[in-house]
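The structure under discussion appears below in the form of C-alpha cells.
Each reported figure results from applying straightforward, stated rules to the coordinates on display, with no laboratory input. As the structure is a computational prediction, the values presented were derived from the model and not from experiment. Cβ placement follows ideal geometry from the backbone for every residue including glycine, while neighbour counts extend to all protein chains displayed.
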Amino acid sequence: MPEIFEELEPLGVVLEYSFFENARESRHHDLQAIDAHLTHADQPAACLPDRTQWHLDNHGVSALLQISPRPLNYDQFLGSYCDPKDQMLILRGSGEVAGGTTLQDPRYDMIGERKIKSWGQSPPDLHDPGEYAYAFAQPPYGLRGSRAEAVRLFRKTTEILLPDWDDAVIHDWSGDDLSKVDGYFDSGMEWWGVFLFTIFQPSIERLIVISGSTTD
C-alpha cells in the first residue's frame, strides 16, 4: 500500500484499503479481493465452487455472492461531500462558525480553520450510491488536525485511487446486505453507514478494495 495511506489513521479516517496487483477486470477478481480484504488475508484465495478456499465463512460467502454491485462514475463515487471539479471537501448541512457567520453546505476553503459553534446535518442514506468523500471526512467524532490537512490527504490519496478516473472501473457493493457478509459491518449499520468499493485500474492492472464501518 502506498505510504501516504499510513497518514490517514492518525488523521482519524476510519476507512480501510487493500491494493492487489496483476488483477483483471472481472467479478471473480473483485470477489477474491473483497474476501481477502475483509479477512486481512495476505493474498486472495482461489474461489473454487465448493467454497473451501474462501477466507470468509460459508454464510458470509453466500451473502457476498448474492450482492449485485452498482457501477459508479467519478462524480458518483466522490459523492455530495466533495466538489468533483477540484476535489475540495464540503461540509454538508448548516450552522454557525466563529465570528457569527451562518453557512450552508460550505466548502472547506470557505470555512478555513474557523471553529464550528453549532452544526446540523444528516448522514447519507444507507442506500445512496457512492459518497466516498463523506466516508473519508465525516467519521462519528470528526477528523483530527486541520481542514487543510484533511483536504491535502484526501486529494493525494484520491489521485492514487483514480489516476485515470475516466478509465477506472468503480463498483459500489454497499448496502444492508453487507451485515450478512461479515460482522465488521454491524457497527456501521447503527447509523453512520457501511461502505464497500472496488476500483480497477486497467492501465496498471491494479484492483483496490475500500471498506468502512464504524459507530460512536
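State the extension gain, in nm to one decimal, for the chain segment bounded by GLU3 and GLN53, taking 0.36 nm per residue of separation less the distance between their alpha-carbons.
Contour length minus Cα-Cα distance gives 15.0 nm.
Hey, what do the phi angles of segment 110-120 turn into as Karplus ³J(HN,Hα) couplings, whole Hz, using 6.51/-1.76/1.60 and θ = phi - 60°, x for Gly and Pro?
Once θ is set to phi - 60°, the couplings for segment 110-120 become 7, 7, x, 9, 5, 6, 8, 8, 7, 8, x Hz.
Step through the residues of segment 11-26 one at a time and calculate ³J(HN,Hα) from phi using the Karplus curve (6.51 cos²θ - 1.76 cosθ + 1.60, θ = phi - 60°), rounding each to whole Hz and writing x for Gly and Pro.
Per residue, the Karplus-derived 3J(HN,Hα) values read 6, x, 5, 9, 6, 10, 10, 9, 10, 10, 9, 6, 8, 10, 7, 6 Hz.
Would you mind checking the tilt of helix 27-39 against the longest principal axis of the Cα atoms of the chain, expressed as 0 to 90 degrees and rounded to 10?
70
Using amide H atoms built 1.01 Å from N in the peptide plane, name the residues 5+ places from ALA45, or on other chains, whose amide H lies under 5 Å from its own.
Counting only residues 5 or more places away or on other chains, the set is ALA36, HIS55.
Using alpha carbons only, what's the Rg to Rh ratio of segment 1-114 with Rh from Kirkwood?
1.11
Would you please give the residues with an amide H less than 5 Å from that of ALA23, counting only those at least 5 places away or on a separate chain, with H modeled from the backbone geometry?
ARG206, LEU207
Calculate for the chain the 222 nm mean residue ellipticity that helices alone would give, adding -39,500 (n - 2.57) per DSSP H run of length 4 or more and normalising by residue count, nearest 500 deg cm²/dmol.
-7000 deg cm²/dmol
Order these peptides, 177-189, 4-16, by their mean beta-carbon neighbour count within 10 angstrom, highest first. Walk me through the numbers before you get to the answer.
Working: 177-189: 18.4, 4-16: 16.0.
Listed from highest to lowest mean packing, they are 177-189, 4-16.
Roughly how many Å is it from the Cα centre of segment 8-43 to that of segment 191-216, as a whole number?
7
Using the Cα atoms of segment 161-202 to build a convex hull, what is its mean projected area in square nanometres? Display every interim value, and only then the final one.
On the way: hull surface 14.1 nm².
The orientation-averaged projected area of the Cα hull of segment 161-202 comes to 3.5 nm².
Let me know the shape class of segment 77-216, please: from the alpha-carbon gyration tensor, a ≥ b ≥ c as square roots of the eigenvalues, rounded when a/c is under 1.5, otherwise prolate if a/b is greater than b/c, or oblate.
Cα axes put segment 77-216 in the oblate bin.
Tell me which residues come under 5 Å, amide H to amide H, from LYS117 once H is placed; ignore anything under 5 positions away on its chain.
Result for LYS117 returns GLU96, VAL97, ALA98.
Can you give the Rg/Rh ratio of segment 130-178, where Rg is from the C-alpha atoms and Rh is the Kirkwood radius?
On the Cα set of segment 130-178, Rg over Rh gives 1.03.
Please give the peptides 206-212, 36-42, 169-175 ranked by average Cβ packing (other Cβ atoms within 10 Å per residue), highest first, as a rough proxy for protection.
Working: 206-212: 22.4, 36-42: 16.1, 169-175: 20.7.
Output ranking for 206-212, 36-42, 169-175: 206-212, 169-175, 36-42.
Per residue, how big is the convex hull around the C-alpha atoms of segment 108-147? Give it to me in cubic angstrom, could you?
95
Residues in segment 81-99, backbone N under 18 Å from the label point at ARG114 (7 Å along the Cα-to-beta-carbon vector): list them, ranges by number please.
Within reach of a label on ARG114, which here means backbone N under 18 Å from a point 7 Å along Cα→Cβ, segment 81-99 contributes 89-99.
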